[in-house]
1. Output the number of the condition that B:Asn511 fails; it satisfies all remaining conditions of (1) within 30 Å of B:Asp342 (Cβ to Cβ); (2) at pLDDT 95 or above; (3) out of contact with any Ser or Thr (no Cβ under 9 Å at 6 or more places or on another chain); (4) not aromatic (Phe, Trp, Tyr).
2. Name the residue that is farthest from the chain's Cα centre (by Cα), counting only residues in segment B:388-443 that are closer than 19 Å to B:Ala117 by Cα and of a type in the set (S, T, N, Q).
3. Tally time: how many residues in segment B:533-554 are under 14 Å from B:Leu490 (Cα atoms), of a type outside the set (D, E, K, R), more than 10 Å from chain A (Cβ to nearest Cβ) and in a helix (DSSP H, G or I)?
4. Quick one: what pairs do we get from segment A:186-209, first residue without any contact (Cβ under 8 Å) to a residue 60 or more places away in the chain, second of a type in the set (Phe, Trp, Tyr), C-beta under 6 Å, 6+ apart or different chains?
5. For segment B:589-636, what are the residues that are of a type in the set (Gly, Ala, Ser) and assigned to a strand (DSSP E or B)?
6. Among the residues of segment A:176-225, what is the count of those that are of a type outside the set (A, V, I, L, M, F, W, C), assigned to a loop (DSSP other than H, G, I, E, B) and closer than 18 Å to B:Gln165 by Cβ?
7. Give me the residue from segment B:115-127 that is surrounded by fewer than 24 Cβ atoms within 10 Å (Cβ to Cβ) and at the interface with chain A (Cβ under 7 Å from one of its Cβ atoms) and, out of that set, nearest to A:Leu187 (Cα to Cα).
8. Restricting to segment B:586-607, name every residue that is small (Gly, Ala, Ser), within 21 Å of B:Gln512 (Cβ to Cβ) and either within 25 Å of the chain's Cα centre (by Cα) or exposed (fewer than 14 other Cβ atoms within 10 Å of the Cβ) (or both).
Amino acid sequence: MKFTLRIWRQKDAQQEGQFVRYELGGIEVDMSFLEMLDILNEQLTAEGAEPVAFDSDCREGVCGMCSLVINGKAHGPLQATTTCQLYMRHFADGDEITIEPWRSTAFPLVRDLIVDRSAFDRIMRAGGYVSVHSGPKPEPNSIPIAPEVAEVALDAATCIGCGACVAACPNGAAMLYTAAKVSHLGLLPQGQPERYGRVKKMVDQMDEEGFGACRNYAECEAQCPKEISIQFIAQMNRDYLNATLVKPVDRRSKMSAQ
Amino acid sequence: MQLDAKIPEGPIEEKWAAHLEHVRLVGPRNRPHYRILVIGSGLSGASAASSLAALGYNVDCFCFQDSPRRAHSIAAQGGINAAKNYRNDGDSVFRLFYDTQKGGDYRSREANVYRLAELSTGIIDQAAAQGVPFAREYGGLLANRSFGGVLVQRTFYCRGETGQQLLLGANSALAEQIAEGRVRMHTRAELCDFVVVDGRMRGIVFRDLVTGEIHSAAGDAVVLATGGYSNVYNLSTNAKGCNVTAIWRAYRRGAAFANPCYAQIHPTCIPASGDHQAKLTLMSESLRNDGRIWVPRTAGDQRNPAEIPEEDRYYYLEDRYPRFGNLVPRDVASRNAKDVCDSGLGVGATGYGVFLDFRDAIKRQGESVINARYANLFEMYERITNDNPKKTPMRIYPAPHYTMGGLWVDYNLMTTLPGLFAIGEANFSDHGANRLGASSLMQCLADGYFVLPATIGDYLSSYPYGEITTDHEQFKTVENDVRDRVRRLLDTRGKRSVASFHRELGKLMINQCGISRNREQLGEAIRRIPELRDAFWGEVGIPGGGEELNQSLEHGGRLTDFFEFAELMCRDALERDESCGCHFREEHQTKEGEALRDDENFAHVSIWQYQGEGTPPTLHREPLEFDAIPLAQRNYKT
């Protein structure tokens, strides 16, 4: 197979970027999209040119490291599929393929197709956890959890933190990502004590990072490789409203002062 | 070299409790004065970093990915073992200990394995308290599934993504500690070397992968949680970034390396489609419960496999192992697949693949039953290969998956280099010559949540804190070493890519030191690896500079360490003149083709000590003792 690739090249955040065209032949249908880029990079290396920088690690769709907007879609044309699980047989011989990085103010560009997604980690640090230190814990069967509740929590927890939701959203919102963690913990009994403080802090951090607002476009759900439902956004909004109504008092500083 | 494993006295059930009573501790007021560097943020790294920080220590945690959540533990599918005995099927700590010891073919240290079994139950409690959404039964209690090599149901799981959920749990604990200011997280930071002063580990030198700057970090102890070295084979089920650099550099600085030849090759993976394959994807071993494995009897049979009649099919496992058939142990299945492919009967584009056929199972049990059992696996397979396994048989081939060898550690998980600890897959201690399924998650979390936080104080309390900062001249020396190494890679002016050399090394290793090994092949590998290494330095080309994000440079640095390591791995495989677990020496097998151990001469841990470039390493031996469970021939037949 042969392809014309239009790839976004940009040396770093300071310099301007541009699309560069590459003609690439000798691609087999059974190759993955990232293997196709590996081949391009080997050719560029042989020519003494600089390879295209892109993120990937596990290459089996679970680490969330790979990204890429392919022909305008986060993770490419296939539903419920990360870029690393996309295969060249899903393209036609001779296609022109446009490859861009995630584009969002909150994800500054690092190089070529790599962006900085550390804003996601900062949202998590704002409250995406149950405060428990390591050590002896109660017997888990002493707190039964209905399987359907555990299943829905897992539907949310299955988020791989890739950032496709932000890239897909016309507003660059991170609602689906934040809602997935808020809902995962908010559904489980272990997450109840910190439930309302958590949603408040995580949403505030999300806003501070410069992510946009949600307008219910639902592009995030459509392009999420793990098919996380926007119902979780509704759940987060409910929790957030509750949180503002009950005015959660963070007693943490007082407690540690004791 | 002094090898003191520091195994506590007393009966095996009492060793850990007794150890906890006597181990030296650091008091809560002193802990904030100590700084611990944790390298890696997977299950063992994240659990250790968060647990140590929660105790009050200052922690710096490093990972090469853009977020600690991406470490490769996330890809573990099946589950995590714990001796809870929820199923009332006779499970116990002792039974888990026994299964692990037997599964490892009696090549691990009893005291460590027993402790692992003992701590297993607490891991489930800890993870559930963090909000890990384990599978539940209708009544809301935790569910279990079966796993290979054992007779009880003790595996806890979250669908097929147990590793992901456990890692996100450990990472949430880490996030809390980062928010509290007790952990400083360094992402896109690659460890390059260590700083040893007066025989003690004092810090690391690392490269900022975005800016290319070389930095140092000083600490009172360093913990390696950097995983295994399966990528020495290039194609493995590991993530692309997994590498041997941290443990290899530690070895070069004086930490001894134990059992480097133990590598597990998993029998059911999707085979490589061609030369440019980037990685291999694991398919759950459970498929062998219903699938029949075969190859065409005639080499080069190009017919559609579904149309090949029964008499032209060679069900080689059923034929050679009539009693166990397709359910032979992992190592036997892998070895036989290689054997039939070597004789030319393999299928697929590369000739290295065998069929796993569900036709008969579907005929017998109906498509809906088989589909309910394996739908997600079938879908995953179809996505990658574009073949529907219900219509045309799956193609599978073994792939390197996990490495049991690693840095030698004592009972406190400290290496032979004082102040350097190794946890999780990076150490050698718990899985012997073969790891059982659902045991790696258990070991990583036992080490990180429970063992290391209790034992690290024993070392720390023996020395004053914060003695050395990065101003010490040794840091400058090592930083300059690292800069030289980077420059040397960038000064290469060849045209060949790093990836092409990695492929070549991988092919060499899988052929000469893979599923089965023999004296001749290993000797040849030991001769050829240095030749390949020389070719690398002469012909490789690494475009771009050092002061920027440069992925070829990162890969080049990792590959140079794999080159050096590969030689040690082959040397160890050659020296271990017996078969045990995953280490199958063709010279040593039973009549049925099983691994034949030589307990008289090889019931020991092989421990390699670095002697400098160009000098062969020294071999030390830690004899293994079998007090709790007597040595026995591994037998899964009766």
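The values are calculated or read from the model by the stated rules, or taken from the named source; none is laboratory data. Here the structure is a predicted model, which means the values were calculated and not measured. As a convention, Cβ positions derive from the backbone with ideal geometry for all residues, glycine included, and neighbour counts pool all protein chains shown.
1. (2)
2. Applying the filter and picking the extreme gives B:Asn412.
3. Quick first cut of segment B:533-554, residues under 14 Å from B:Leu490 (Cα atoms) only: B:536-554.
If we keep only those that are of a type outside the set (D, E, K, R) as well, we get B:536-538, B:540-546, B:549-553.
Those still in the list that are more than 10 Å from chain A (Cβ to nearest Cβ) too: B:536-538, B:546, B:553.
Among the residues that remain, those that are also in a helix (DSSP H, G or I) are: B:536-538, B:553.
Adding up the residues that qualify gives 4.
4. Filtered contacts from segment A:186-209: A:Val203/A:Tyr240.
5. First, the residues of segment B:589-636 that are of a type in the set (Gly, Ala, Ser): B:593, B:595, B:603, B:606, B:612, B:614, B:628, B:632.
Residues satisfying the conditions are B:Ala595, B:Ser606.
6. So the first thing to find is which residues in segment A:176-225 are of a type outside the set (A, V, I, L, M, F, W, C), and the list is A:177-178, A:181, A:183-184, A:186, A:189-198, A:200-201, A:204-205, A:207-210, A:212, A:215-217, A:219, A:221, A:223, A:225.
Right, trim to assigned to a loop (DSSP other than H, G, I, E, B) and you get A:192-194, A:209-210, A:215-217, A:225.
Pick out the ones that are also closer than 18 Å to B:Gln165 by Cβ and you get A:225.
Number of matching residues: 1.
7. B:Asp125
8. Here is the first cut: in segment B:586-607, the ones small (Gly, Ala, Ser) are B:593, B:595, B:603, B:606.
Checking which are within 21 Å of B:Gln512 (Cβ to Cβ) leaves us with B:593, B:595, B:606.
Of everything in segment B:586-607, those that are small (Gly, Ala, Ser), within 21 Å of B:Gln512 (Cβ to Cβ) and either within 25 Å of the chain's Cα centre (by Cα) or exposed (fewer than 14 other Cβ atoms within 10 Å of the Cβ) (or both) turn out to be B:Ala595, B:Ser606.
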